[in-house]
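Report on the structure given below.
No value in this document is a laboratory result; all are computed from the given coordinates. Source: prediction; values computed, not measured. Here the Cβ positions follow ideal geometry from the backbone for every residue, glycine too, while neighbour counts run over all protein chains shown.
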Amino acid sequence: MDATRRRMLAGIAAGSSAAALSLPAQAQDYPSKPIRLIVPYPPGGGTDIIARILQERMVRLLGQPMVIENRGGAGGAVGTEMAAKAPADGYTVLFTLSSHTINPAIFPRLNYDVEKDFLGVSKVVSLPQILVAHPGLPVSNLQELVAMARSKPGAMNYASVGNGSPGHIAGELFKLKTGTDLVHIPYKGGGPAVTDVMAGQVPLLWVSIPAAASYVKSGKLKALAVSTLQRSSSFPDVPTVAEALIPDFEVDSWYAMFVPASSPPDVVRRLHEAVLKALEAPDVREKLLQQGSEVAGSSPGDLDRTVKAEVAKWKQLVQAANIKM
């Protein structure tokens, strides 16, 4: 090998070593400015409530502001698209719920790919959907609700936080399993939907527990059932749909944090560590429990595998149940 070639290879090796040594410094420097936390639903809904509980602790852990930006619309697709197209530098983070894996089956022309355009950071909590009614609706259980709905086919409405949401899926499965003709009214988030049900504009609502918990406890909403196989620890007196009426009924939901694909691994690791530390804090766990949530931190890889599995699962279910917007 001639002297010129040896010098060239030595220079490449030295450059590679310098680049490798710079990675820990980059990780240590992150974050060096405020982080934009996109919540693809309006304020006051379950996603927004859980995000704000987590945000307060993560700001302390990361040492930088974490600014929540509510971008509701199209069942979370509007805000999610914004996050997908943001720079992959760790300064735009998506906080969303499991409609993230349902939307590809509901909206066939999304301008993003949930598997290719995002990296998982961590799952945060899991929780059931809850079926609530306006207090004036003259039913006290699912049997009475089904009887009323069958007596008025096409005349009763139910709300959800939007097309493709877990509540939408729960409502359509309930219709399928009970042979009722309830009409779906999609909202842009849990906050507006809860407001209209309390006002009597819509009689029923499938929604995540955090969006409805305080109103159920105050008597402004009436809880009829939850969508998971196990009862909620926050509402132990509210039956599951499975035990009350439909043995195989189950729609679980979760909230999780993602970053755009190609985000640096050290940034993903830093955010993941902060999420897990936040979830260990007793005050955070207590606040989440009060909202009916179960802490469910995960590794980035586990979250990515969950997304892949659920995209396939919900596609099959949506087709089988003929669920449409």
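A Stokes-Einstein calculation at 20 °C with viscosity 1.002 mPa s, built on the Kirkwood radius of the chain over Cα pairs, returns a diffusion coefficient of 103 µm²/s. Other residues whose C-beta falls under 12 angstrom from the C-beta of residue 82 contribute a net charge of 0, scoring Lys and Arg +1 and Asp and Glu -1.
Order of 78, 267 from fewest to most other C-beta atoms within 10 Å? All intermediate terms of the calculation are to be shown ahead of the outcome.
Numbers: 78 17, 267 21.
If I rank by nearby Cβ atoms, fewest first, I get 78, 267.
Could you tally the net charge around residue 140, taking each other residue with its Cβ under 13 Å from the Cβ of residue 140, Lys/Arg +1 and Asp/Glu -1?
Values: positive: 222; negative: 144, 237.
Value of the local net charge: -1.
Indicate the gyration tensor shape class of the range 128-244 (rounded, prolate or oblate), computed on the Cα atoms with a ≥ b ≥ c the square roots of the eigenvalues: a/c under 1.5 is rounded; otherwise a/b larger than b/c is prolate and the rest oblate. Display every interim value, and only then the final one.
On the way: a/c = 1.26, a/b = 1.10, b/c = 1.15.
The shape class here is rounded.
Any chance you could check the Cα centroid distance between the range 184-253 and the range 85-142 for me, in angstrom? One Cα centre to the other: 16 Å. Toward the positive end of the charge dipole of the chain, with +1 on the Cβ of Lys and Arg and -1 on the Cβ of Asp and Glu, the farthest Cα among 74, 260, 300 is that of 260.
In a DSSP loop and with at most 10 other Cβ atoms within 10 Å, there are no GluC sites (Glu not before Pro) in the range 67-135.
Run the numbers for residue 33 and residue 295: contour at 0.36 nm per residue of separation, minus the present Cα-Cα distance, in nm.
Numbers: separation 262, 0.36 × 262 = 94.32 nm, distance 2.82 nm.
Net length gain for the segment: 91.5 nm.
Farthest towards the positive end of the charge dipole of the chain, among the residues 312, 37, 227, is the Cα of 37, using unit charges on the Cβ of Lys, Arg, Asp and Glu.
Distance check, please: which entries in 85/217; 33/287; 188/217; 116/217 exceed 32 angstrom between their Cα atoms? Working shown, then result.
Working: 85/217 40 Å; 33/287 27 Å; 188/217 24 Å; 116/217 41 Å.
The pairs that break the limit, which is 32 Å between Cα atoms, are 85/217; 116/217.
Annotation: Cα Rg of the range 106-174 relative to the compact-globule expectation 2.2 N^0.38 Å equals 1.53.
Fewest Cβ neighbours within 10 Å first, please rank 258, 118 accordingly. Please list the in-between numbers first.
Working: 258 28, 118 25.
So the residues, fewest neighbours to most, are 118, 258.
Summing +1 for each Lys or Arg and -1 for each Asp or Glu among the other residues whose beta-carbon sits under 12 angstrom from that of residue 37 gives 0. About the centre of its Cα atoms, the chain shows a dipole size close to 440 debye [charges on the beta carbon of Lys, Arg (+1) and Asp, Glu (-1) only; nearest 20 debye]. Treating r as the C-beta distance of residue 237 and residue 269 and R0 as 30 Å, the FRET efficiency rounds to 0.10.
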